[in-house]
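**Student:** My questions will all concern the structure given below.
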Amino acid sequence: MKRLAPAARALALSALLLAAQAASAAELRIQNSNASGQGFNDPTPAAPVGLNFGTTKGAQAVILFQYAAAIWGATLKSQVPILIDAAFVTPAQDSDFTCTATEGLLGYTRAASYETGGGLPNPQAGYVVALANALVGRDLSPGSAHIKARFNAGIGTANCLAGLGWYYGLDNALAPGQGSLLATLLHEFAHGLGFSSFVDPHSGALNGPPSAYDFHVFDEAAGADWAGYQPSQRAPLLIGGSKLAFDGPNVAAGAARFLGNAPVLEVASGGATSEDGYLPGQFSGPIPDGGTFDIAPAVPLDACADLAGGSLAGRLGLVERGTCSFYDKSVRAAAAGASGVIIFDRDAGPLITMASPTDGGGPLSVPAVFISNLDGNSVLARLDGGTVSAGFGSSNHLSNTDATQARVLLYTPPTISPGSTLSHWNTQSFPKTLLMEPFIGANERLNLDLTPAALADLGWPIVNGLSVGMSKALDLTLADGAQATYLIAVLNRRTTAVDGVTLNLSLPAGAALVSAAGGCTAIPCTLGTVAAGEVRPVVVTVQPAKPTVFPFAVSAILSAPGTGSDDNLEATISVGKPTASSGGCATAGLPAALVACSMVLAGLLARRRRNSRSTQES
């Protein structure tokens, strides 16, 4: 990390800050830092999938990274291009990656540097360099990347989440057993854009000044932001429970849009009642509306052997996670007469959605739900004292929020998880997983949910309406007369649908459209109604004139009735001729001035994990 001398740049920052706020949508550029034959340069043949037209594993990875960049480009405003030093690496190539058959690190991100200064919104805060650049309207670290991102190329191999494979499509149409690479990319890029604390989760000490994010970390017990705390005050807050939340007006305003009242089991025994959160399995039968049922433990408790006939008749079977699949446990409990199945976790951890089996097996006729280790053991203890009953209901409290229902809780598990603790939302969101939770979820929204609101609270200028982002696919330069393909992301960040949306292109003289895909076969293209929160991919290929006039600039232009100042209706990508790379670095055609393969990247690590908690296995 590096720090500004505040006095040296305060005047310049102040002069440029106002102009930068009105900037157009951002451009994020992917720098290929893989060695020959690895990652982005992997020549292994691959069949095109989900609008990803790449024919090798490496090309498909590059295209998906560039599409993720287009989505963030449509969301942020910045006059300064954001350069992401990116690579796909295996655990053997990067010791930061850990992976086992059941749990692995999907990716990590570092901001290259941070900036401080009197002209920034909070002169006491450290701003990641991409955000500082957007606020001041110029590049404060010219010639260097702003974000370093690394992603796990070992996923799906024998010793690294063997049952999982990356899905490379732009449409996020996952099949069972696939993980969303697109959602993971969007998540990791957000860390580099500022969704990250500068606090060491083990000691509570700061690594530099408090980040802009740290000034929004709220201590629930004390009722205060923690940026001014001493390490000894912070450390106890980082372990276990709902002690910390994110405090910001934009997140508060958006919480109810993306979070709902969670389903609960209303558990009663001996005159005492509790509300225990649950998530239904993908194979669950209908959840009953009303009524109560007695609870009985399965024998054996893990239900990995057949249960005595009628042993759970008319009752909710309580089953412990472990050894065999969720589905098999539930089938056995239902066969023993259970009116429903409650599976509780064997360890402390977030609630998960129990997945349907990949080898067949339809939904059950009875409900099957998953509860926490703490709640499951509590029910077991209460059963020792007599009858325990439960009904299915709904909490009157917005999920994953504090008592005010305006602050979203932050992730502070019972034991420190480096890179995950604090710099993520907590894991109890309903009805869908939030993008910035630490564990990948099958139902994450590609509209980025509360992430833009949090970034806006940090200071990012954000597009809040209909918007378009754009990236040039594969090589970021253009050979004379060669065809050029562009990845276009159309986002509706309004709270209501936008009707009558049309996409057009502005091409240089002599250039012509070759093809369009993703709901468009010609340009102009009528996209029609774009739903609230929808992200729609479009891929277009253009034939330039020969000789080609450089820089070659292509614009994607949206139109719709009733657009206004909240909308961003145009994105432009300008490219030049290929130039030689420098220092033997693999650059995917980036101009030499933007190559910085040997730079020293400092900063705190933000990680995205994935484990077996959302598979079919127990």
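The values are calculated or read from the model by the stated rules, or taken from the named source; none is laboratory data. As the structure is a prediction and not an experimental result, all values here were calculated from the model. Cβ coordinates were reconstructed from backbone atoms using ideal geometry, including for glycine residues, and neighbour counts include every protein chain displayed. Heavy atoms of the whole protein, side chains included, go into the accessibility calculation; ligands, DNA and RNA do not. Shrake-Rupley method; radii C 1.70, N 1.55, O 1.52, S 1.80 Å.
**Student:** Would you please report the Å³ per residue occupied by the convex hull of the alpha carbon atoms in the stretch 376-498?
**Tutor:** With only Cα atoms used, the stretch 376-498 gives 210 Å³ per residue.
**Student:** Relative to the longest principal Cα axis of the chain, at what angle does helix 326-335 sit, 0 to 90 degrees, rounded to 10?
**Tutor:** 30
**Student:** Just the Kirkwood number for the stretch 106-196, please: inverse of mean 1/r across all distinct Cα pairs, in Å, one decimal.
**Tutor:** 15.1
**Student:** Just how many % of Cα pairs in the stretch 37-107 lie over 17 Å apart, if you round to the nearest whole percent?
**Tutor:** 57
**Student:** Cα atoms only, the chain: Rg and Dmax in Å?
**Tutor:** 25.4, 86
**Student:** From the backbone phi of the stretch 178-194, what are the Karplus-calculated ³J(HN,Hα) couplings (6.51 cos²θ - 1.76 cosθ + 1.60, θ = phi - 60°) in whole Hz, Gly and Pro given as x?
**Tutor:** For the stretch 178-194, the Karplus-derived couplings read 10, x, 7, 5, 4, 4, 5, 5, 4, 4, 5, 4, 4, 4, x, 8, x Hz, x marking Gly and Pro.
**Student:** Let me cross-check VAL331: its accessible surface, 1.4 Å probe, with only protein heavy atoms counted, in Å² to the nearest 10?
**Tutor:** That residue has around 60 Å² of solvent-accessible surface.
**Student:** Right, next: Calculate for the chain the 222 nm mean residue ellipticity that helices alone would give, adding -39,500 (n - 2.57) per DSSP H run of length 4 or more and normalising by residue count, nearest 500 deg cm²/dmol.
**Tutor:** The helix-only estimate for the chain comes to -5000 deg cm²/dmol at 222 nm.
**Student:** Quick one: grab the alpha carbon gyration tensor of the stretch 340-424, order the square roots of its eigenvalues as a ≥ b ≥ c, and give me rounded if a/c is under 1.5, else prolate or oblate depending on whether a/b is larger than b/c.
**Tutor:** prolate
**Student:** Per the Kirkwood treatment, what hydrodynamic radius in Å, one decimal, follows for the stretch 458-579 from the mean inverse distance over all distinct Cα pairs?
**Tutor:** 15.0 Å is the Kirkwood radius here.
**Student:** Stick to Cα atoms and the Kirkwood definition of Rh, then tell me Rg/Rh for the stretch 102-255.
**Tutor:** A ratio of 1.02.
**Student:** SER394's amide H: which non-local residues (gap 5+, or another chain) put their own amide H closer than 5 Å, with H modeled 1.01 Å from N in plane and none for Pro or chain starts?
**Tutor:** The list, which skips near neighbours in sequence, is VAL264.
**Student:** Straight-line reach only, C-alpha to C-alpha below 27 angstrom: list the lysines that LYS243 could link to, leaving out same-chain residues fewer than 8 apart.
**Tutor:** Cross-link targets: LYS432.
**Student:** Then there's this: Each residue of the stretch 156-172 in turn: what ³J(HN,Hα) in whole Hz from Karplus with 6.51, -1.76, 1.60 and θ = phi - 60°, glycine and Pro shown as x?
**Tutor:** Coupling constants for the stretch 156-172: x, 7, 4, 9, 9, 6, 4, x, 10, x, 6, 9, 9, x, 7, 8, 6 Hz.
**Student:** How many angstrom lie between the C-alpha centres of the stretch 510-580 and the stretch 320-372?
**Tutor:** First find each Cα centre; the distance between them is then 47 Å.
**Student:** Would you kindly calculate the translational diffusion coefficient of the stretch 234-332, applying Stokes-Einstein with the Kirkwood radius from alpha carbon pairs, for 4 °C and a viscosity of 1.567 mPa s, and quote it in µm² s⁻¹ without decimals?
**Tutor:** The Stokes-Einstein estimate is 75 µm²/s.
**Student:** Further question on the same structure: Please enumerate, by chain and number, the aspartates and glutamates with C-alpha under 16 Å from the C-alpha of LYS546, excluding those fewer than 8 residues away in the same chain.
**Tutor:** The reachable aspartates and glutamates, counting only those whose Cα sits under 16 Å from LYS546, are ASP480.
**Student:** Taking a ≥ b ≥ c as the square roots of the eigenvalues of the Cα gyration tensor of the stretch 90-134, is the shape rounded (a/c under 1.5), prolate (a/b larger than b/c) or oblate?
**Tutor:** Verdict is prolate for the stretch 90-134.
**Student:** Taking the alpha-carbon centroid of each part, what is the distance from the stretch 125-151 to the stretch 38-77 in angstrom?
**Tutor:** Centre-to-centre distance over Cα atoms comes out at 23 Å.
**Student:** In the stretch 285-397, how does Rg compare with the Kirkwood Rh, expressed as the Rg/Rh ratio over alpha carbon atoms?
**Tutor:** 0.93
**Student:** Once amide H atoms are placed 1.01 Å from N in the peptide plane, what residues at a sequence separation of 5 or more from LEU279, or on another chain, have their amide H within under 5 Å of its amide H?
**Tutor:** Counting only residues 5 or more places away or on other chains, the set is PHE370.
**Student:** Name the long-range amide H neighbours of ASN426: under 5 Å, sequence gap of 5 or more, or other chain; modelled H, no Pro or chain starts.
**Tutor:** LEU409, LEU410, TYR411
**Student:** Give me the Kirkwood hydrodynamic radius of the stretch 462-522, using the inverse of the mean 1/r over all pairs of distinct Cα atoms, in Å to one decimal. Each step should come with its number before you reach the end.
**Tutor:** Working: mean 1/r = 0.0717 Å⁻¹.
When all Cα pairs of the stretch 462-522 are included, the Kirkwood radius is 13.9 Å.
**Student:** A further question on this structure: By how many degrees, between 0 and 90 and to the nearest 10, does the Cα long axis of helix 373-383 differ from the longest principal axis of the chain?
**Tutor:** Helix 373-383 sits at roughly 10 degrees to that axis.
**Student:** Also: Counting Lys and Arg as +1 and Asp and Glu as -1, each charge on the Cβ, what is the dipole of the chain about the Cα centre in debye, to the nearest 20?
**Tutor:** 1300
**Student:** Right, another one. Mind pulling the angle between the C-alpha long axis of helix 6-21 and the longest principal axis of the chain? Nearest 10 degrees, somewhere in 0 to 90.
**Tutor:** Once rounded, one gets 90 degrees.
**Student:** Oh, and also: Where a ≥ b ≥ c are the square roots of the eigenvalues of the C-alpha gyration tensor, would you call the stretch 169-257 rounded, which needs a/c under 1.5, or, failing that, prolate if a/b is larger than b/c, or oblate?
**Tutor:** Numbers: a/c = 2.24, a/b = 1.88, b/c = 1.19.
Prolate.
**Student:** What relative contact order, as a whole-number percentage, does the chain give when Cα pairs under 8 Å and 6 or more residues apart are counted?
**Tutor:** This gives 17 percent for the chain.
**Student:** So what J values fall out for the stretch 268-278 if you push phi through Karplus, 6.51 cos²θ - 1.76 cosθ + 1.60 with θ = phi - 60°, rounded to Hz, Gly and Pro as x?
**Tutor:** Values, residue by residue: 10, 6, x, x, 9, 10, 8, 10, 10, x, 9 Hz.
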